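Q: Quick one: the structure is below, questions incoming.
Here, each number is a calculation from the coordinates, and none is a lab measurement. These figures come from a predicted structure and were not determined experimentally. No Cβ is skipped: glycine too gets one built from the backbone with ideal geometry, and neighbour counts run over all protein chains shown.
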Amino acid sequence: MISAGEKRPLTGHVDVWYCFTDDHRLDNRLEQYEAMLSSAESQQYQQLMFGGNGRDYLVSRALLRTVLADYCSLAPEKISFCVNAYGKPELSNSDEQGAIQFNTAHTSGLTVCVVTRGNDIGVDVESRAESRSVLNMADDYFSVLELQALNSRADDQQLDYFYRYWTLKEAYIKARGEGLSIPLHDFSVVLDEQGAFTSFVGPEADRWDFSIVCKNINYTAAIAMGGKINGIAYAHSIPLGLKVELSADEAFNHFPVSASGPRNRMNG
Ligand SMILES: CC(C)(COP(=O)(O)OP(=O)(O)OC[C@H]1O[C@@H](n2cnc3c(N)ncnc32)[C@H](O)[C@@H]1OP(=O)(O)O)[C@@H](O)C(=O)NCCC(=O)NCCS
């Protein structure tokens with residue numbers, strides 16, 4: 001059960017919440033979402049409105065605030081954040097200081113937040129580009145081990161594997177919370193033949209666990225946790241509205257309900 005209640009989630013368990021930001025069921029709630037924002041978030045939202053990414057940002061903050069409000073038994077607008085030296089947001093008013101750990105990621109059309117208890121946690125989500133040109137970025141970002149593994153894949157699997165490696169690496173950086181001060185070439189994630197995480201090569205290797213939590217035609221998302229992942233629960237949320245728990249197979253695999261159909265989005 002993902003329902004936030006007494007001691008949820010349990011240590012070692014990760015709750016994955018997501019929302020498709022194009023969903024038209026969000027439309028009549030946007031004003032309520034705006035009312036939840038801190039003044040710094042409001043400023044950021046106003047700036048992003050000019051660039052056309054305001055809605056993604058607003059829904060992302062609303063998802064994060066409503067989800068954390070449930071775990072902390074507070075109103076969404078009462079959730080307050082502090083950031084570490086590298087900008088990783090943390091809860092400043094959790095009832096058990098530091099016990100609830102969370103992280104969030106967003107890409108065009110989708111926002112994800114993950115919550116656990118006690119362990120460092122990170123998440124990344126990427127929308128999938130159609131063009132193989134993104135593969136050129138692997139040289140700059142992947143370790144030698146990862147590059148060899150990627151290049152050993154059949155041509156038609158490489159984009160899929162690229163996004164697996166990318167999101168797993170980024171989730172690890174976000175879990176550590178030290179940004180790009182962590183050299184990307186100095187650690188490796190190892191995947192099996194089915195593309196699932198098998199092992200980690202890097203500092204405190206035994207401490208870290210990983211999982212691909214979303215893999216579909218449009219998006220890839222991964223989590224990293226500084227402790228063993230014993231269970232993952234999934235829920236689709238319309239903040240202040242619908243909450244639906246889903247199995248791992250069902251999660252992310254439904255179209256957003258959009259008046260105009262899902263936007264044909266590229267990387268974002
Ligand atoms: C700050 C950083 C998280 C940016 O990531 P991004 O891809 O632009 O954005 P994401 O959607 O994944 O995450 C954004 C969220 O991460 C959180 N965040 C910010 N700084 C963070 C940090 N140091 N650690 C963890 N989480 C952080 C915030 O909640 C932010 O949400 P907001 O935009 O609503 O404030 C940072 O890790 C970064 O620049 N990473 C390098 C990217 C890279 O080169 N990756 C290579 C992977 S192979």
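Q: For a Förster distance of 51 Å, can you work out the FRET efficiency between the beta-carbons of His185 and Asn93, rounded to the nearest 0.05?
A: 0.85
Q: Continuing with this model, one more query. With everything on Cα atoms, drop me the angle between helix 158-176 and the longest principal axis of the chain, reported from 0 to 90° to the nearest 10.
A: Value to nearest ten degrees: 60.
Q: Shifting gears a bit: Just to confirm a number: summing +1 for Lys and Arg and -1 for Asp and Glu over residues other than Asn216 whose beta-carbon lies under 13 angstrom from that of Asn216, what do you get?
A: So the environment of Asn216 carries a net charge of -1.
Q: Quick one: Karplus J couplings for segment 181-191, per residue in order, coefficients 6.51, -1.76, 1.60, θ = phi - 60°, nearest Hz, x for Gly and Pro?
A: Rounded to whole hertz, the list is 5, 8, x, 5, 7, 8, 9, 9, 9, 10, 10.
Q: Once the Cβ-Cβ distance between Lys78 and Gln47 is put in as r, and R0 is 35 Å, what FRET efficiency do you end up with, to the nearest 0.05?
A: 0.90
Q: Let me know the shape class of segment 94-252, please: from the alpha-carbon gyration tensor, a ≥ b ≥ c as square roots of the eigenvalues, rounded when a/c is under 1.5, otherwise prolate if a/b is greater than b/c, or oblate.
A: oblate
Q: In addition: Just to confirm a number: summing +1 for Lys and Arg and -1 for Asp and Glu over residues other than Asn119 whose beta-carbon lies under 10 angstrom from that of Asn119, what do you get?
A: +1
Q: Ok, one more. Taking the 0 to 90 degree range and rounding to the nearest ten, how far is the long axis of helix 54-72 tilted relative to the main principal axis of the chain, both from C-alpha atoms?
A: Around 80 degrees separate the two axes.
Q: Here's a follow-up. Restrict the search to segment 146-194; then list the GluC sites (Glu not before Pro) that DSSP places in a loop and that have at most 12 other Cβ atoms within 10 Å of their Cβ.
A: Glu193
Q: Would you calculate a helix-derived [θ] at 222 nm for the chain, using -39,500 (n - 2.57) for each DSSP H run of n ≥ 4 and dividing by the full residue count, to the nearest 500?
A: -8000 deg cm²/dmol
Q: Have a look at Asn103, Asn218, Asn84 and tell me which one the Gaussian network model of the chain (Cα, springs below 10 Å) gives the largest fluctuation.
A: Comparing Asn103, Asn218, Asn84 in the GNM, the peak value goes to Asn84.
Q: Can you return the lysines within cross-link range of Lys88? Criterion is Cα-Cα under 23 Å, with same-chain partners fewer than 8 residues away left out.
A: Lys78, Lys169, Lys174, Lys228
Q: Still on this model: How far is helix 39-51 tilted off the main Cα axis of the chain, in degrees rounded to 10, range 0 to 90?
A: That helix lies at roughly 60 degrees to the long axis.
Q: Kindly provide the Kirkwood hydrodynamic radius of the chain in Å, to one decimal, from all pairs of distinct alpha carbon atoms.
A: Evaluated over the chain, this radius sits at 18.9 Å.
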